[in-house]
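Here's the structure, in structure tokens; my notes come after.
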């Protein structure tokens, strides 16, 4: 029997969170494999936090931020992408697929796009299989 994939999605408090809550209001499905954590800014999702997610059983981690021109904190997307790049270097050293960590951004009205991308990310993680890092 195949084990179910676990995806952790960190959502910025601003446009991405509005986008996510819009999914519920519009009855747009969220994949059951996805657990969502609301953060004040995507930049707050540090490399140690990303690695901890894998240690605790995540097979893939998605950071959902704002567009740079829509960021409440100004540099959130840039810092988030820097954290992801650093995390990917560590995943390379561990022999894991670097695509297990992704960054994406949305405007508040893009609920259908978020749902579609969440489903696509889960499918990609299913092709990779369970992460060997989880403890």
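So which of 64, 30 ends up being touching a residue at least 12 places away in the same chain (Cβ under 8 Å), part of a loop (DSSP other than H, G, I, E, B) and in contact with a helix residue (DSSP H, G or I) (Cβ under 8 Å, 6 or more places away or on another chain)?
On the way: 64 fails: part of a loop (DSSP other than H, G, I, E, B).
None of the other options fit; the residue is 30.
How about the stretch 33-43: which of its residues are outside any helix (DSSP H, G or I) and at pLDDT below 95?
Within the stretch 33-43, the subset outside any helix (DSSP H, G or I) is 33-41.
Of everything in the stretch 33-43, those that are outside any helix (DSSP H, G or I) and at pLDDT below 95 turn out to be 40, 41.
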**Prompt:** All but one of (1) part of a helix (DSSP H, G or I); (2) in contact with a strand residue (DSSP E or B) (Cβ under 9 Å, 6 or more places away or on another chain); (3) over 25 Å from residue 127 (Cα atoms); (4) free of Cβ contacts under 8 Å to residues at least 60 places away in the same chain hold for residue 16; which doesn't?
**Reply:** (4)
**Request:** Give the number of residues within the stretch 87-135 that are in contact (Cβ under 8 Å) with a residue 60 or more places away in the chain, farther than 16 Å from residue 11 by Cα and either outside any helix (DSSP H, G or I) or out of contact with any strand residue (DSSP E or B) (no Cβ under 7 Å at 6 or more places or on another chain) (or both).
**Result:** 9
**Message:** Being in a helix (DSSP H, G or I) and in contact with a strand residue (DSSP E or B) (Cβ under 9 Å, 6 or more places away or on another chain): is that true of residue 58 here?
**Reply:** no
**Asked** Looking at (1) at pLDDT below 95; (2) over 13 Å from the mean Cα position of the chain (by Cα); (3) under 20 Å from residue 112 (Cα atoms); (4) surrounded by 13 or more Cβ atoms within 10 Å (Cβ to Cβ), which is the one condition that is false for residue 68?
**Response** (3)
**Asked** Take the residues of the stretch 35-50 that are touching a residue at least 40 places away in the same chain (Cβ under 8 Å) and surrounded by 18 or more Cβ atoms within 10 Å (Cβ to Cβ): which is nearest to residue 89 (Cα to Cα)?
**Response** 50
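The values are calculated or read from the model by the stated rules, or taken from the named source; none is laboratory data. In this text the structure is predicted, and so the values were computed from the model without any measurement. Cβ atoms come from the backbone with ideal geometry, glycine included; neighbour counts cover every protein chain shown.
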